[in-house]
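Report on the structure given below.
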Amino acid sequence: MRRHRIAAIGGDGIGPEVISAGLEVLAALSEKLGDFQIDAQGYDWGSELYRSTGQMMPVDGVETLRRFDAIFFGAVGAPDIADHITLWELRLAICQGLGQYANVRPTKLLPGMRGPLLPELGSQIDWVIVRENSEGEYAGVGGRAHAALALELAMDVSVFTRAGIERIARFACDLAMKRPRKRLTVVTKSNAQRHGMVLWDQVCREVLADYPELDSDWMLVDAMAAKMVTTPGKYDTILATNLHADVLSDLASALTGSLGNGATANLNPPGDAPSMFEPIHGSAFDITGKGISNPIGAFWTASMMLDHLGETAASAVLMEAIGSVCQSGPYTPDMGGQANTAAVTHAVIEAITEIVRGKT
């Protein structure tokens, strides 16, 4: 039996709820297929730990995570703690500390789902957004001076390096080449950001020269936001900077019916440290503790994690089960229904059982 060691970090808000549901589904999938096992170790890192210790995770937290095969992460953020603390001292600390420089967000309408676009447009959405995950505005370079004085200032420096751009561009090209359309759109804003984004354009073009089979084009980020709504079928794999992809991927998820459905992977492509997988919905303070959080994003995230671990058959079964439940329900309130998290989780497990039974 293949065994995979997973660090499970529920984090804040609805994070623990959906990660618990995801682990329940993974356990059921493992039991039904019988050829792999998930050994999950939970960590109660997050805002609650910060309130008692002043730290979002222990000092040796990143090193603790290195011994795992993957990380299953829920959400981070709390209304009573500044966002720059919760984000930088947990999620970004993990991503940067473990070299997870490629953020990958698949986007498509799941079966039975309708987003805000006209059906003939929404049905065209089938994107993978590749987000540079270590540089740009999120590099952490900057500072503040002259506090409380009239000339008080704050500065964030947007950092772009040749090495960082080249590695994410090559990753995006390799990913695009594996998809049927072999199409890549590079997002930029070099008309206004004349240093870092010009280097971005230059290095991306150099990398693209090594992939003559790719159908590639370029789009300014503001135009890209509009085109994702008006002509979604023109795009397939989308490469963007840390900040630009952060915004575009939330737009993409909203266009598929619910932020609760979105999944993402923070990948360490060389494989010398574990990668981290998380739904993109955030902490959702307004529904925390009500038991109605949408677990579909966590399930899709778990499928991505299984693919990364080499469990492609299990990943396919899970995605088929997700599709079955999205087609027929039950649905949580964000998807127009009245079901709770447990009901959707149970329905996915039942679908897994039926799918596996049909294959044996």
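The values are calculated or read from the model by the stated rules, or taken from the named source; none is laboratory data. From a predicted model like this one, the values you see are computed outputs, not experimental measurements. Cβ placement follows ideal geometry from the backbone for every residue including glycine, while neighbour counts extend to all protein chains displayed. Surface accessibility is based on the protein's heavy atoms, side chains included, excluding ligands, DNA and RNA. Shrake-Rupley method; radii C 1.70, N 1.55, O 1.52, S 1.80 Å.
When the stretch 276-308 is filtered for residues that are outside any helix (DSSP H, G or I) and crowded, with 24+ Cβ neighbours inside 10 Å, the ones remaining, listed by number, are Met276, Phe277, Glu278, Pro279, His281, Ser293, Asn294, Pro295.
Within the stretch 94-110, the set of residues being of a type in the set (A, V, I, L, M, F, W, C) and either under 20 Å from Gly297 (Cα atoms) or open to solvent by 30 Å² or more (accessible area, probe 1.4 Å) (or both) comprises Cys95, Ala102, Val104, Leu109, Leu110. Per the listing Asp272, Asp246, Asp222, the residue uniquely out of contact with any helix residue (DSSP H, G or I) (no Cβ under 9 Å at 6 or more places or on another chain), within 30 Å of Arg66 (Cα to Cα) and surrounded by fewer than 16 Cβ atoms within 10 Å (Cβ to Cβ) is Asp272. Look at the stretch 286-301: where a residue is under 14 Å from Ala21 (Cα atoms) and a partner is open to solvent by 40 Å² or more (accessible area, probe 1.4 Å) and at pLDDT 95 or above, sitting 6+ places away or on another chain with Cβ atoms under 6 Å, you get Gly291/Asn340; Ile292/Asn340; Ser293/Glu17. Residues that are outside any loop (DSSP other than H, G, I, E, B) and either over 17 Å from Gly297 (Cβ atoms) or among the charged types (D, E, K, R) (or both) within the stretch 328-348 comprise Ser328, Asp334, His346, listed in sequence order.
If I ask for residues that are assigned to a loop (DSSP other than H, G, I, E, B), open to solvent by less than 10 Å² (accessible area, probe 1.4 Å) and either closer than 18 Å to Ile322 by Cβ or among the β-branched types (Val, Ile, Thr) (or both), which ones from the stretch 111-140 would you list? Even if it seems obvious, please write down each step before you answer.
First, the residues of the stretch 111-140 that are assigned to a loop (DSSP other than H, G, I, E, B): 111-118, 123-125, 133-135.
Next, only the ones that are open to solvent by less than 10 Å² (accessible area, probe 1.4 Å) stay: 125, 133.
Ile125, the sole residue that qualifies.
Taking the conditions (1) farther than 27 Å from Val203 by Cβ; (2) touching a residue at least 60 places away in the same chain (Cβ under 8 Å); (3) among the small types (Gly, Ala, Ser) in turn, Ser315 satisfies each one other than (2). Report yes if some residue within the stretch 13-36 is open to solvent by less than 10 Å² (accessible area, probe 1.4 Å) and more than 24 Å from Asn294 (Cα to Cα); otherwise report no. Yes - at least one qualifying residue is present in the stretch 13-36.
Yes/no matrix, rows are residues, columns are (1) modelled with pLDDT under 95; (2) of a type in the set (S, T, N, Q); (3) farther than 18 Å from Thr264 by Cβ:
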site: Lys32; (1), (2), (3): no, no, yes
site: Asp39; (1), (2), (3): no, no, yes
site: Gly54; (1), (2), (3): no, no, yes
site: Asp60; (1), (2), (3): no, no, yes
site: Arg66; (1), (2), (3): no, no, yes
site: Gly74; (1), (2), (3): no, no, no
site: Ala78; (1), (2), (3): yes, no, yes
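In the stretch 141-185, what residues are assigned to a loop (DSSP other than H, G, I, E, B) and either under 30 Å from Met113 (Cβ atoms) or among the aliphatic types (A, V, I, L, M) (or both)? Don't jump to the end; show me each part of the working.
First, the residues of the stretch 141-185 that are assigned to a loop (DSSP other than H, G, I, E, B): 146-152, 160-161, 179-182.
Those that are assigned to a loop (DSSP other than H, G, I, E, B) and either under 30 Å from Met113 (Cβ atoms) or among the aliphatic types (A, V, I, L, M) (or both): Ala147, Ala148, Leu149, Ala150, Leu151, Arg179, Pro180, Arg181, Lys182.
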